[in-house]
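Worksheet for the structure shown next.
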Amino acid sequence: MQQSKPISRRSFLGALSATSAAAMMRPLTGVAQPGPVLTRLVPPTGEALPLVGLGTWITFNVGRDTEARDSCAEVMQAFFEAGGRLIDSSPMYGSSQEVVGYGLQKLGHPSRLFSADKVWTSSGSAGPSQIEASRRHWRVPRFDLLQVHNLLAWEAHLRTLLAMKAAGEVRYVGITTSEGRRHREFERVMRQHPLDFIQVTYNILDREVEDRILPLAAERGTGVIVNRPFQQGALLERLERYPLPAWAAEIDARSWAQFILKFIVSHPAVTCAIPATTRVDHVRENMAATGRLPDAGMRARMTAYVEGL
Ligand SMILES: NC(=O)c1ccc[n+]([C@@H]2O[C@H](COP(=O)([O-])OP(=O)(O)OC[C@H]3O[C@@H](n4cnc5c(N)ncnc54)[C@H](OP(=O)(O)O)[C@@H]3O)[C@@H](O)[C@H]2O)c1
C-alpha cells in the first residue's frame, strides 16, 4: 500500500500564493472583452485544460425533443467557440449522454473535445457493457476520462478502467463523489490507487475538501474536477439578491457566477470546474471568467464577504 503524508498547511498556502501570483502576472485584458481562456495542466501528463468545463446532469436531460436538443447543441457550440474542452456526463443523467452525442454530431465532432464520462452500476461485471453503451451515446471513438461515479462498486470498476487505460482504450481514470459523501473512503482510494483525476464538490460555501482531499490531490499529482460549483443554481440565486462588491473588479469578475468560478479555480489543486447550464449567455459568461485570479488574501476576503451576506 502506498502511503503519503498530508501536505503541511504552510507549504500548501505557499503553493496557493505562488500559483495565484503567477496567475496575477498574466496579462490583463479589458473588462468588456474577456481575455484568452485560462488553462491548468493535468498533473499526470501536462496537457492543458481550460479552467472551466461543462456539466450536463439535469440541464441536458431533455429526452428526444428536437428543439430542446438543438438548444443544448447551441450551448455546446458557444462552449467550444469560447475555448471550452471538458464535457462531463454519466449514465445516471437520463438522456444527457445521447444529447451530448447529438450535439457533437451536429457540431461536426469538435477536435478540442475532452470527453469525461462515468461508470455507474452496482454490478462490476456490467461495467464494460455500460461503458460501451455510453460511448455509442456520445458517438466518440473512446473517452478521454472515465470515472467511477460516486464510488459505486468502485473496486471492480476501477480494475476495469485501469485495464482499459493500459490497453489504450481510455486516456485518464478517476473517481467521483459530491456534497461531502464518503470522503474518508474516497481519501483511502486516492491513497491506494493510481488515479489521474478525482471529482468532488467545492465552492465558496462548501469547502470541506480544502482540509484533506485537495491537499492530498496536490501531493499525489491527481487532477481535480469540481462539481456543483453553483450548488445546482441555489448559490447564485441567493447571491444575486446582493450587488457584486466593487472590489470584484480587482479580479476581473463581472458577475457573481464569475466571482464564484474564480474562487474555485484559483485553488492551486483544482484543474477545472464544470458548471452546468441550459443557456448560451450563461455558458459565455462562465467561459469569460478570464483575466486575474484571486490570491490567498483575496480568497479570504471573498469567503468572509459571502459568509457575511
Ligand atoms: N457525483 C458526481 O459525479 C456529480 C454530482 C453532481 C454534479 N456532477 C457534475 O457537475 C455538474 C455541475 O453541477 P450541477 O449540475 O449540480 O450544477 P451547478 O453547475 O452547480 O449549477 C447549475 C445551475 O446553475 C445555473 N447557472 C449556470 N451558469 C450560470 C450563470 N452564469 N448565471 C446564472 N446561473 C447560472 C444553471 O441555470 P441556467 O440553466 O439558467 O443557466 C443551473 O441551474 C453536473 O452537471 C454534473 O456534470 C457530478
>> Please report the antiparallel percentage of DSSP beta bridges with both residues in the chain, rounded to the nearest 5.
In response: 10 percent
> In Å², what does the accessible area per residue of the chain work out to with a 1.4 Å probe?
Replying inline: 43 Å²
> Distance in nm between label sites at TYR242 and ASP65, each 7 Å beyond Cα in the beta-carbon direction?
Replying inline: 3.5 nm
> Based on the Cβ-Cβ distance of LEU309 and ARG182, what FRET efficiency does E = 1/(1 + (r/R0)^6) give at R0 = 22 Å, to the nearest 0.05?
Replying inline: 0.15
> Which values of log₁₀ I(q)/I(0), to two decimal places, follow from the Debye formula for the stretch 38-307 at q = 0.08, 0.09, 0.16 Å⁻¹ with a uniform point scatterer at every Cα?
Replying inline: -0.30, -0.38, -1.25
>> Leaving out ligands, DNA and RNA, and with a 1.4 Å probe, what % of the accessible surface on the chain is carbon or sulfur?
In response: 52 percent
> What does the helix-only formula give at 222 nm for the chain: each DSSP H stretch with n ≥ 4 adding -39500 (n - 2.57), the total divided by the residues, and the result rounded to the nearest 500 deg cm²/dmol?
Replying inline: -12000 deg cm²/dmol
>> Using a Gaussian network model on the chain with a 10 Å cutoff between Cα atoms, which of TRP247, TRP138, TRP154 fluctuates the most?
In response: TRP247
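The values are calculated or read from the model by the stated rules, or taken from the named source; none is laboratory data. Worth saying up front: this structure is predicted, and the values here are computed from it rather than measured. Cβ atoms come from the backbone with ideal geometry, glycine included; neighbour counts cover every protein chain shown. Protein only, heavy atoms only, side chains kept; ligands, DNA and RNA dropped before computing areas. Shrake-Rupley method; radii C 1.70, N 1.55, O 1.52, S 1.80 Å.
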